[in-house]
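Note sheet for the following structure.
The numbers here are math on the coordinates, done by the rules we state, and not lab data. Note that the structure is predicted; figures quoted are calculated from it, not measured. Glycine gets a Cβ as well: all are built from the backbone with ideal geometry, and neighbour counts include every protein chain shown.
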Amino acid sequence: MISLNIEKTFGFISKEKVFAYEAEVKAAQEMLEKGTGKGNDFLGWLHLPSSITKEHLADLNATAKVLRDNCEVVIVAGIGGSYLGARAVIEALSNSFTWLQEKKTAPVMIYAGHNISEDYLYELTEYLKDKKFGVINISKSGTTTETALAFRLLKKQCEDQRGKETAKKVIVAVTDAKKGAARVTADKEGYKTFIIPDNVGGRFSVLTPVGLLPIAVAGFDIDKLVAGAADMEKVCGSDVAFTENPAAIYAATRNELYRNGKKIEILVNFCPKLHYVSEWWKQLYGESEGKDNKGIFPASVDFSTDLHSMGQWIQEGERSIFETVISVEKVNHKLEVPSDEANLDGLNFLAGKRVDEVNKMAELGTQLAHVDGGVPNMRIVLPELSEYNIGGLLYFFEKACGISGYLLGVNPFNQPGVEAYKKNMFALLDKPGYEEESKAIRAKL
Ligand SMILES: O=P(O)(O)OC[C@H]1O[C@H](O)[C@H](O)[C@@H](O)[C@@H]1O
């Protein structure tokens, strides 16, 4: 189970002020529970973990087995909420060099449909030429250009290489129950499909088949992931006292920091496997809160790597930031620093120490330095990287995000701003139906 520590924000904001959010947080929680707030048609994530059935998990595991048995490589085609959750969990739990290992225990997982790079897609199709590959096509709307374009290429290649019959077996769609091109194609071709519920928005969908299917294909235990999330659903429940509820405290603390001029939250890890957890978190908070000309800007760094690049800015730049550190208490492997007689590198003071001890001292030293430098610091401690703990972490962030968005006074469940670039791109590409926009945009060039 994760824990949250906000002690190192108290030099910048007061404990009393944070605790004074109790009533506001309670009101926000009630809006979520009763569905009386903005965006109340997108609350399907709220009690999702505890409502996932054994049968549903068995269905996902069975489909994952078909892909695992029939594919050396599986492409997860999706973008934003239809991509980041799966990647976050898979990378957090995978061996760092998994794709380089000779003996594979699961298909190599590759991501596509999250960019429009011709070189990326060319190089991917080249790599796949002699591979038995399958595709999970994920799109809630079923019409997202990046994903649809990649899927068009991958579907054709899969059918050409493996034949229509096999392609039908190794292509799975995760999309809306009725609407969208991905649904139409899947029904016409007879693909196995999983539904993204109407009331779960993309960035809150990691615990639907959007995340669960790829995670199961990659060889991870989705039952444990969901169990971790379900336990966190209880820990962050609206019946839990404010002072005991980590989602409530996190939401209150970051809002109090924001109201005191801390406009940027940097999510920090000291473990490179968590890089995509930060990417997932940035979408969750960025799309939920960045609207009506307000909202904390969610940023992220990987330490100690980025201490050698962004560390200077964080230590001495504009004092408009705070940090939230995800700290992993126990690593999964043991490696000691060897002693060296010549000691030419001067590292014998570390001989016999675990590498993680060095990392932990870097973490502690960084916290003290940044707090001294004027950066408030929160810590989320994960006992270790496991399905159970990651499941809990994801739900914790979702719940806190719902509360935090309501504290900020925005609709945390829409993303109208995302459409602006799409409209321009379609106008520039002369998409049918955009004739007026095409004329207008050309006049601006
Ligand atoms: O799942 P899809 O409909 O393809 O959407 C994928 C993503 O793109 C959209 O533009 C939104 O900004 C995201 O919230 C969403 O997760």
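Residues are listed down the side, and each one gets a yes or a no for (1) of a type in the set (D, E, K, R); (2) within 30 Å of ILE2 (Cα to Cα); (3) within 17 Å of the chain's Cα centre (by Cα):
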{"residue": "LEU154", "(1), (2), (3)": "no, no, no"}
{"residue": "LYS164", "(1), (2), (3)": "yes, no, no"}
{"residue": "ILE171", "(1), (2), (3)": "no, no, no"}
{"residue": "ARG183", "(1), (2), (3)": "yes, no, no"}
{"residue": "PHE204", "(1), (2), (3)": "no, yes, yes"}
{"residue": "PRO209", "(1), (2), (3)": "no, yes, yes"}
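Applying the condition of being outside any strand (DSSP E or B) and in contact with a strand residue (DSSP E or B) (Cβ under 9 Å, 6 or more places away or on another chain) to the range 375-395 and asking which residue is nearest to VAL328 (Cα to Cα) yields LEU385. Which of the residues belonging to the range 407-430 are surrounded by fewer than 16 Cβ atoms within 10 Å (Cβ to Cβ), in contact (Cβ under 8 Å) with a residue 24 or more places away in the chain and assigned to a helix (DSSP H, G or I)? Once the filter is applied, which keeps residues that are surrounded by fewer than 16 Cβ atoms within 10 Å (Cβ to Cβ), in contact (Cβ under 8 Å) with a residue 24 or more places away in the chain and assigned to a helix (DSSP H, G or I), the range 407-430 yields PRO416, GLY417, VAL418, LYS422, MET425.
For the range 300-318, the set of residues classified as over 13 Å from the mean Cα position of the chain (by Cα) and small (Gly, Ala, Ser) consists of SER304, SER309, GLY311, GLY317, listed by residue number. Within the range 274-299, no residue satisfies the criterion of being surrounded by fewer than 20 Cβ atoms within 10 Å (Cβ to Cβ), of a type in the set (Gly, Ala, Ser) and in contact with a helix residue (DSSP H, G or I) (Cβ under 7 Å, 6 or more places away or on another chain). Note on the range 26-43: residues that are small (Gly, Ala, Ser) and in contact with a Gly (Cβ under 7 Å, 6 or more places away or on another chain) total 0. Of all residues being touching a residue at least 60 places away in the same chain (Cβ under 8 Å) and surrounded by fewer than 20 Cβ atoms within 10 Å (Cβ to Cβ) in the range 132-145, which is farthest from PRO197 (Cα to Cα)? Just the residue, please. Only one residue tops the list, namely LYS132. Within the range 297-330, the set of residues being in contact (Cβ under 8 Å) with a residue 60 or more places away in the chain and β-branched (Val, Ile, Thr) comprises ILE314, THR324, ILE326. The set of residues in the range 113-127 that are surrounded by fewer than 19 Cβ atoms within 10 Å (Cβ to Cβ), within 14 Å of the ligand (Cβ to nearest atom) and of a type outside the set (A, V, I, L, M, F, W, C) contains only ASN115.
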